[in-house]
Amino acid sequence: MNLFGKLFGGGKKKVSKETVETRGMHMPDLNIPIDEKFTINFKRNGGKFLYCDSNEEVSRVLANIISENNWEDHSFLCLDHRLVQKFSQENISFVSDVKQSEVFFTTCEHLIAQNGSILVCAIQLQDLKLHELPDNFIVFSTTSQLVESIGEGLKSIKKKYKESIPGSITTIKHFRLKTQAKDDFLSYGSSAKNLYLILLEDL
């Protein structure tokens, strides 16, 4: 069964949402699969989660996000040329100047199941800080980027970029614009974002 199958109708086994979501933040984690843990924590943080099993579905989901928010006439800030190339056929205008857009379209390094956060670095942000970016985020990621913890994500970054480890490593985990919460050291100086996660199955 594909990852996330149980959550989206592909299986019989279910984890009690009430049991997981009503546990205190500092209670020990339940022994549940990494995909389910991320989904529960990400939604609890206020994120909007959109699972896709094909590139065609990614296109449909992206079009729906744009339509629902009336972003048809908006340019998207994108700092990753690979992402611009991948979505070049989507009738989206991309800009690289943060002052010219209210929507940031980006990839990430990892999705952290432990707290439902998104791990990013200078590869995605360049020299910008989170608070300098637009309030609206659309993050494109794949299921292979799921990891259990921040520590595991940091090890992966170190291995991937061993020749030159990027700076500005941080997590995004507050997805309600009015949320006020204590940040951990990796999210110091961050700000809450209205965030959509488009997650493509690639396993």
Overall form of segment 113-152 per C-alpha gyration tensor (a/c, 1.5; a/b vs b/c): prolate
Accessible solvent surface per residue of segment 39-136, calculated while the other protein chains remain in place, 1.4 angstrom probe, Å²: 49
Percent carbon-and-sulfur accessible area, segment 59-155, ignoring ligands, DNA and RNA, probe 1.4 Å: 43
Segment 90-110 residues near the modelled LYS48 label - backbone nitrogen below 16 Å, point 7 Å along Cα→Cβ: 102-106
FRET efficiency, ASN31 to GLU152 (Cβ-Cβ, R0 25 Å, nearest 0.05): 0.90
Local net charge near ARG60, Cβ-Cβ under 12 Å (Lys/Arg +1, Asp/Glu -1): -4
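The values are calculated or read from the model by the stated rules, or taken from the named source; none is laboratory data. Being a predicted model, the structure only gives us computed values, none of them experimental. Note: ideal-geometry Cβ built from the backbone for every residue, glycine included; neighbour counts use all protein chains shown. Calculation scope for accessible area: heavy atoms of the full protein, side chains included, ligands and nucleic acids excluded. Shrake-Rupley method; radii C 1.70, N 1.55, O 1.52, S 1.80 Å.
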